[in-house]
Amino acid sequence: MPVKTPVKKTIKNSQKPVKKSVKRITQSDIEANFARMQKSQDEAWKAIRETQQAHKETEKAIKETQKNIGGLNNTLGSLVERIMTPDLPRKFKPLGFTFDRITTVKWSTDGNIYAEIDGLLENGTQAMAVEVKTTLEIEDINDHLKRMERIRKYADEHGDKREFLSAIAAMIVNPKPKKYALEKGLFVIIPSGENVKVIKPEAKPRIW
């Protein structure tokens, strides 16, 4: 029997292509989009202004804090000076020094402070300049040594021939700054019970 060749059926798509409608942009659409953009811009500027205001308030708070801390430091410094210095003339007597008074001194030139010392122990031939700190740091010692050079220079320029010695006092003294100060020829004054203790330099005290 002859073989029949299969007939391929063609399926015709009876559906017609759908035309997409393009939305027409009206004046109302443009105005609505502009209004949304304007609202977003207004909200952005509002956020920027609020951020700037918050930044100003933060800066003000920082300045107030710094001012308060400065006042606290001044109060604390004055308190430390009152604790550390009043009894010093008596404390230096066993070390061979006789001082009859202690004062706070500011040396000035043309109205400007040239040097300032927290406590100056004095007699007719010697003066012991005492710098007082809350916590003693090596940087404080170096600054004080420079201060002593200025004091000596000022004394020479004004006919003051006394010997100047120096001490540094602090409520908190760690071993390294203490050792450094003593090596530089300074007396170190530290709290001891309800009073203070004066530690003499290991070598001869430095004289300016």
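No lab work stands behind these numbers, since they all come straight from the coordinates. Since this is a predicted model, take the numbers as computed values, not measurements. A quick note on method: Cβ atoms are made from the backbone with ideal geometry, for glycine too, and the neighbour counts reach across all protein chains shown.
Over segment 85-199, what lengths in whole Å, largest first, do the semi-axes of the equivalent ellipsoid take, defined as the square roots of 5 times the eigenvalues of the alpha-carbon gyration tensor?
23, 17, 12
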Which pairs break 22 Å Cα to Cα here: Lys146/Lys176; Lys133/Lys161; Lys179/Lys200; Lys93/Lys176? Lys133/Lys161; Lys93/Lys176
In Å and from the alpha-carbon atoms only, list the Rg and Dmax of segment 146-203. 13.7, 42
Using per-residue counts of other Cβ atoms within 10 Å, averaged over each peptide, order 177-187, 88-98 from highest down. 177-187, 88-98
Multiplying the sequence separation of Met37 and Asn123 by 0.36 nm and subtracting their Cα-Cα distance, what value in nm do you get? 22.7 nm
Among 144-151, 38-45, 162-169, how do they line up by average Cβ neighbours within 10 Å per residue, starting with the highest? 162-169, 144-151, 38-45
If you count the DSSP beta bridges with both ends in segment 85-199, what percent of them are antiparallel, to the nearest 5? 60 percent
